[in-house]
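Here's the structure we're looking at; comments come further down.
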Amino acid sequence: VAVTYDGSSKASGLKIFVNAQDATAHVVHDSLTRQINQWINGHNDFAIGARFRDRGFKDGVVDELRGYDRQLSTLEVQQLADGKSLRQALAADVQQLSPDAVALLREHYFLAVDASMKAHRTELRSARANWNKVMDETPAVSIMREQPEPRKAFLLKRGSYEDHGEEVFPDTPEFLPPFPADQPRTRLGLAKWLLAPEHPLTARVVVNRYWQLLFGQGIVRTPEDFGLQGQAPTHAELLDWLALDFRKNGWDVRRLIKQIALSSTYRQSSVVAAEVREKDPENKHYARGPSQRLSAEMVRDNVLAISGLLVNKVGGPPVKPYDLALAYTPLEVDTGSALYRRSLYTFWKRTSPAPVMITMNANKREVCRMRREITASPLQALVLLNGPQFVEAAKVLAAKLIKKHQQDEAAIANEAFRLLTSRSPTDAELEVLQLLHGEQLEHFTDHGDAAKELLAVGETPANETLKADELAAVTVLVNTIMNLDEAVRNK
């Protein structure tokens, strides 16, 4: 086996020549394999005859393996195989050489002898190394371009790809506004048609999605289907008005959300008399305010924001928080501020997302879904009580509350409850919270190791100026409030 590799380009790969006639039973030693691995740009594997997803050269032996730092000529490769080709070619009478033999000798001269070509190869190797360095440091971005000539499309007779029927051309449904005559029938033209003032669907679909985000259900309750098989809007005139207003105000999403959130409909209490709920269990007539659990991302981000850990940096590469260490294919988590970025930036494998997100009803991404199914399960409480991100956030918030209120247990419980539920606790609720704090303080006073174990959760260190038992007790108090229905629901 002769291997040639110029060492300048990972993409250039290896050229491997095998002499199949000589299969002497000698095995390449592990030490030599390690040396070859180090030589090939630090790659940690080396295979002979391997292809993509192939097992390569299997159940065989290698008699001899040599490495070269330049391309071998054809004569040199033949010489390695039979031990005579190169010598015979060099010793032959010039007058008797065939054109093929002359070509082989010319190739050998330029590859192995000529000094100027050697200098050129050195220069080329350096240029390739510089090029690869630039390319490695440049992030790859996929782009799309229109073909110069669109590919023809046909109706397929009985679905057979080989049996073409009538040729078809890109067009839009007849019941919608006609496609602009001055626009190309490309993605750009389609985008302009979708956002045209006379187009009836785009603004309605967008408005319906944001209404669904805030109320749990859209005005059209089948966001994936606005057609004949979907549900009719519960308030068609409201949908029309919101869509028209949204479009007239420059498709301003921030303004739309503020407009809905400040409406008297949204600001209603979700607590109503039993007969009202019985008459309209799905709240189609909006006689009460929405009541739904926050999305998985909102639950996590809300806890980080309240504790002060949330990093509001915009943009950048994805990050790997604690959750991914527990995934189906565990990943090494990040450190520092990357742990506290918004959930929007969490690294996500399409079929193996963060377990916490899935537990809280985030969708997998094998398919596109317009809405999430919200469920309630004991696993969700287990995550909120024990997840490193939530325990760490509780610890940080607990330290802030102790520093602010010192030994005032009632003030600590009252502010923790207000921060997490957006209201002050009742006297009965405050009494229960203080009782919990007292029980936990007594427990951690008697079990110092348990307090240290709890405070060791997460990368953020515990405040060493505070007593460990007191900090652990308030951490449990805050973490308990995090698990209240009101702390994770939109009310």
* Asked: Which residues does a label at Y328 reach in segment 286-314, if reach means a backbone N under 20 Å from a point 7 Å past the Cα toward the Cβ?
  -> 296-297
* Among residues other than R342 whose Cβ falls under 11 Å from its Cβ, what is the net charge (Lys/Arg +1, Asp/Glu -1)? -> +1
* **Solvent exposure of the chain as accessible area per residue, Å², 1.4 Å probe** => 65
* When we measure straight from the Cα of K279, which lysines land under 23 angstrom away, once same-chain ones fewer than 8 places off are left out? -> K491
* Given R₀ = 35 Å, FRET efficiency for D485-D225 by Cβ-Cβ distance, to 0.05? -> 0.65
* To do: Tell me which residues come under 5 Å, amide H to amide H, from N490 once H is placed; ignore anything under 5 positions away on its chain.
  => Q292, R293, L294
* To do: Among the listed pairs K84/K118; K133/K364; K284/K364, give every one whose C-alpha distance is greater than 31 Å.
  => K133/K364
* Near T186, within a Cβ-to-Cβ distance under 15 Å, what is the net charge of the other residues, with Lys and Arg +1 and Asp and Glu -1? -> +1
* **W131 accessible area, assembled protein chains, probe 1.4 Å, Å²** => 150
* To do: Straight distance only, please: which aspartates and glutamates reach the Cα of K157 with their own Cα at less than 17 Å, same-chain residues fewer than 8 apart left out?
  => E166, E167
* Counting only DSSP beta bridges with both residues in the chain, what percent are antiparallel, rounded to the nearest 5? -> 65
* Between E459 and A428, what length in nm is gained on full extension when 0.36 nm per residue of separation is reduced by their alpha carbon distance? -> 7.6 nm
* Structure fact -> FRET efficiency (K118, T186; Cβ distance; R0 60 Å; to 0.05) is 0.70
* Within straight-line cross-link reach of K452, lysines at Cα separation under 28 Å, skipping those fewer than 8 residues along the same chain -> K320, K395, K400, K403, K404, K467
* Figure the gain on full extension for S291 and A92 (residue separation times 0.36 nm, minus the Cα-Cα span) and round it to one decimal in nm. => 62.3 nm
* Once you put a point 7 Å from the Cα of D245 and another 7 Å from the Cα of E442, both along the Cβ direction, what distance in nm separates them? -> 5.6
* Structure fact -> So, with points 7 Å from each Cα along the Cβ direction, the K403-W131 label distance in nm works out to 5.6
* To do: Work through the residues other than P223 whose Cβ is under 15 Å from its Cβ and net out their charges, Lys, Arg +1 and Asp, Glu -1.
  => +3
* To do: Using a/c under 1.5 as the rounded threshold, could you call segment 188-307 rounded, prolate or oblate? The axes a ≥ b ≥ c are square roots of the C-alpha gyration tensor eigenvalues, and prolate needs a/b larger than b/c, oblate otherwise.
  => oblate
* **Axial C-alpha extent at least 27 Å, average Kyte-Doolittle at least -0.5 - helices from the chain (DSSP)** => 427-446
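The values are calculated or read from the model by the stated rules, or taken from the named source; none is laboratory data. What you see is a predicted model, and the numbers here were worked out from it, not measured in a lab. Counting neighbours? That spans all protein chains shown, and the Cβs are built from the backbone with ideal geometry, glycine included. Heads up: the accessible areas ignore ligands, DNA and RNA and are worked out on the full protein's heavy atoms, side chains in. Shrake-Rupley method; radii C 1.70, N 1.55, O 1.52, S 1.80 Å.
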